[in-house]
Amino acid sequence: MNARDSSDLGPHSVLTINGGSSSLKVALYRIREEAVNIMAGAVTGIGAAQGHMAARTAHGEALWEDRTVYANHLVALEAFFEAMAKHVDFASISAVGHRVVHGGPHFIRPQSLTAAVEADLRKLIPLAPLHMPANLDGITAARHRLPTALQYACFDTSFHADMPAVAQRTGVAPEMEGEFIRRYGFHGLSYAFVVDDLAARAGQAAARQRLLIAHLGAGASMAAIRNGKTVDTSMGFSALAGLPMATRSGDIDPGLLLYLILEKNWDPTRLQHELYHEAGLLGLSGLSGDVETLLEARDSLRAIEALDQFTYQARKQAGALIAAMGGVDRIIFTGGVGEHAPSIRAAICEPLSDLLGIDFDSDANNRGASRISKPASTVIVETVHTDEALMIARAGRTILENAATQIPGRPS
């Protein structure tokens, strides 16, 4: 690929930016009838002693790679842009789409980013303190580097916006909940992709089935989805809830939090840091929050116990979510762990086999097949590679079309 050849990018090209707590992913798409990937790259280890940056074309050709210190997301994205400028004509990029973790109660569909919208998003930082600063830094850096491109956001909470009221409530009085306090759910872009992918490969009837989707990665959640819509999900008001994650605690008794504050004199800053950065698999194992690292630490009892806790809580969440939608027809694993950790999938599914009617195919699971249940299984179990960037790029086509119809003097 000659990435600087703007003709390869088609009528429009869209850059997608997905900022995590210590990483970011960037991808470039050509927008025609469908969004077609041109290149993709990532920066990991942001804020660590050493980070890693690399990018490849859609055909797997290495474009660049570097290892250095990236102090924060602004530094990392600027470094990525500097390298990218040697391969891509930035003037050909029509729009930049950002994954924003939290849309609050108001942003329930992709949104063009204006100063007013960005100001509203900054108010949501306390609702997702691990992710929103990185997301907003990505918007700042992209606007500086691509000042003429249309900037827009896709929200991880949007997919769950029409979740039933009984699933949205928190258990406190409505007067206390006010405007912002409710259960939101996250990983919505991933869930949306999995549902769309299922419809494309198995038909609309399959996509309307009772689905349990497990997005398992450094951040982990599950969702019960019926008729393509969320019935309930493991995460709630914050992305801290639900399963224990790489460094996040998952569900925790609120009485324990009160005890730590009132009896142990923990201040809110310490509590926030411990729950977001020192808990989960890292805290349980005392070794790492990375599942692959823990799977390799066979001689560490704490590593084994941490993974046991993760899969135990995953089974509990699965059971509750399946009960919420009155049964399950298909279980789909996605995310880095869901896709690439056969032993984790087995530890979740096999104890549920008799209860749910799963005829689990261990051989297919171990070799990484897309279907990991046997043909006679009552419940189909699958793995799917999710693609949040593609969902952002697809939204960019609609955003660009809507922007074009709003040009003064142009008929709509």
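The values are calculated or read from the model by the stated rules, or taken from the named source; none is laboratory data. The structure displayed is predicted, hence computed values, not measured ones. Because the Cβ atoms are built from the backbone with ideal geometry, glycine has one as well, and the counts that use them run over all protein chains shown.
Some notes on this structure:
- Filter pass, Q309 being over 25 Å from D363 (Cα atoms), assigned by TED's automatic domain parsing to the domain that holds V379 and assigned to a helix (DSSP H, G or I): no
- Criterion violated by A220 - all others in (1) touching a strand residue (DSSP E or B) at 6+ places or on another chain (Cβ under 7 Å); (2) of a type in the set (A, V, I, L, M, F, W, C); (3) within 19 Å of D251 (Cα to Cα) satisfied: (1)
- Scanning region 18-37 for residues that are closer than 19 Å to F80 by Cβ and touching a residue at least 40 places away in the same chain (Cβ under 8 Å) gives N18, G19, G20, S21, L24, K25, V26, A27, L28, Y29, N37.
- Residue within region 121-141 that is assigned to a strand (DSSP E or B), of a type in the set (V, I, T) and surrounded by fewer than 23 Cβ atoms within 10 Å (Cβ to Cβ) present: no
- Identity of the residue in region 151-173, of a type in the set (F, W, Y) and closer than 13 Å to Q111 by Cβ, that ends up farthest from the chain's Cα centre (by Cα): Y152
- Output for region 89-107, where each listed residue is outside any strand (DSSP E or B) and under 17 Å from M132 (Cβ atoms): V101, H102, G103, G104, P105, H106, F107
Residue-by-condition table, conditions (1) outside any loop (DSSP other than H, G, I, E, B); (2) not small (G, A, S):
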{"site": "A246", "(1), (2)": "no, no"}
{"site": "L284", "(1), (2)": "yes, yes"}
{"site": "L294", "(1), (2)": "yes, yes"}
{"site": "A303", "(1), (2)": "yes, no"}
{"site": "I322", "(1), (2)": "yes, yes"}
{"site": "V328", "(1), (2)": "no, yes"}
{"site": "V337", "(1), (2)": "yes, yes"}
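Conditions (1) of a type in the set (A, V, I, L, M); (2) within 27 Å of G20 (Cβ to Cβ); (3) exposed (fewer than 15 other Cβ atoms within 10 Å of the Cβ); (4) more than 25 Å from the chain's Cα centre (by Cα), marked per residue:
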residue: A318; (1), (2), (3), (4): yes, yes, no, no
residue: I331; (1), (2), (3), (4): yes, yes, no, no
residue: V337; (1), (2), (3), (4): yes, yes, no, no
residue: H340; (1), (2), (3), (4): no, yes, no, no
residue: G357; (1), (2), (3), (4): no, no, yes, yes
